[in-house]
Each structure stands twice: as C-alpha cells, then as structure tokens.
Amino acid sequence: MFLLITGLSCEKETLTSDVNHTWKFDGFVNLSNSSFEKADPSDCEDCYVLTFLKSGKLTGRTTTNTISGEFQIDGHDIEITNLIKTEIIELGSGEKYTEAISLTNKYEIMNNTLKLYYNQNQNYLQFKLSK
C-alpha cells in the first residue's frame with residue numbers, strides 16, 4: 001500500500017533538471033546572511049516570468065517591461081548576453097531583478113526550483129517552474 005501511495009504521489013509531480021522552461025521569480029536569496037527578499041510586487045501574475053528557449057534565446061517580463069536576450073550553458077555555468085528590455089519605469093523589485101539577471105554566471109535546478117547565481121555566487125534569484 002505504501003509503495004502504491006508513494007508511486008502515485010511521484011506521478012503528479014513533474015521534476016525537471018532542464019533550464020528550457022518558463023520560470024516564475026520568487027525572490028532574492030543572500031547566502032552571506034541567509035536572507036530571502038520576496039519579489040515586489042509578489043501578487044502580480046504576469047510579472048517576473050523568464051523563459052529559456054532551446055534556441056539559446058530567453059524572453060520574459062519584469063514588473064512593467066518585456067526582456068529578451070541570449071544564453072549559453074556550459075555545465076552549471078550560464079552566461080546571459082544581449083539582455084535588452086523595454087523602457088517603462090520599473091515598479092518594486094523590477095530594476096534589481098533585471099540587473100541581477102544580467103550578472104548571472106551559474107545556475108542550479110533542484111525540485112523544480114531554478115537558482116540563478118550572481119555577485120560571485122553570494123546571491124541568487126529563486127524561480128519556481130511555471131505551470
């Protein structure tokens with residue numbers, strides 16, 4: 001019975017180790033002081049979405065702007081280049097979010113959570129797999 005229940009619960013959860021998905025930003029993590037800063041605004045459905053395409057392109061949204069760029073992966077290293085965004089004034093964490101994306105140099109995926117590391121790997125942007 002236990003194996004049956006465990007097996008059923010595993011079927012419902014989709015696990016990924018591939019960056020090529022759409023991700024929803026959760027917040028900023030600072031490893032040096034173990035702090036978590038939630039995305040502001042945190043209740044915006046259309047804000048803070050980032051999609052990595054198999055073509056090596058990325059697209060997304062900040063609080064008020066669309067962003068696009070390119071990325072290259074080598075192991076767990078990631079380089080995001082040619083990041084551009086529209087020019088509407090950002091709200092909340094929008095500017096900090098965009099700047100951190102441009103500084104990203106490493107990534108990790110675990111339990112449908114994407115971590116984009118920046119600032120000499122002392123900080124990361126935390127994303128959840130978008131449904």
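With the simple model of a label 7 Å out from the Cα in the direction of the Cβ, LEU103 to THR81 spans 2.1 nm.
Using a/c under 1.5 as the rounded threshold, could you call segment 16-129 rounded, prolate or oblate? The axes a ≥ b ≥ c are square roots of the C-alpha gyration tensor eigenvalues, and prolate needs a/b larger than b/c, oblate otherwise. Intermediate values should be presented prior to the final figure.
On the way: a/c = 1.40, a/b = 1.08, b/c = 1.30.
In terms of gyration-tensor shape, rounded.
Counting 0.36 nm for each residue step from ASP43 to ASN111 and taking away their Cα separation leaves a gain of 22.2 nm. Adding -39500 (n - 2.57) for every DSSP H run of four residues or longer, then dividing by how many residues the chain holds, sets the calculated 222 nm ellipticity at -5000 deg cm²/dmol.
With the simple spin-label model, which puts each label point 7 Å out from Cα in the Cβ direction, the GLN122 to SER35 separation comes to 1.2 nm.
Counting only alpha carbon atoms, the long axis of helix 94-103 and the longest principal axis of the chain meet at about 80°.
Using a Gaussian network model of the chain in which every pair of alpha carbons under 10 angstrom is joined by a spring, one finds that among ASN82, ASN65, ASN105 the greatest mean-square fluctuation is at ASN82. Against the chain, whose longest principal axis comes from its Cα atoms, helix 2-12 is set at around 30 degrees.
Bear in mind these aren't lab numbers, they're just calculated from the coordinates by the rules spelled out. These numbers were taken from a predicted model, which means no experiment stands behind them. When we count neighbours, we look across all protein chains shown, and the Cβ atoms used for this are built from the backbone with ideal geometry, even at glycine.
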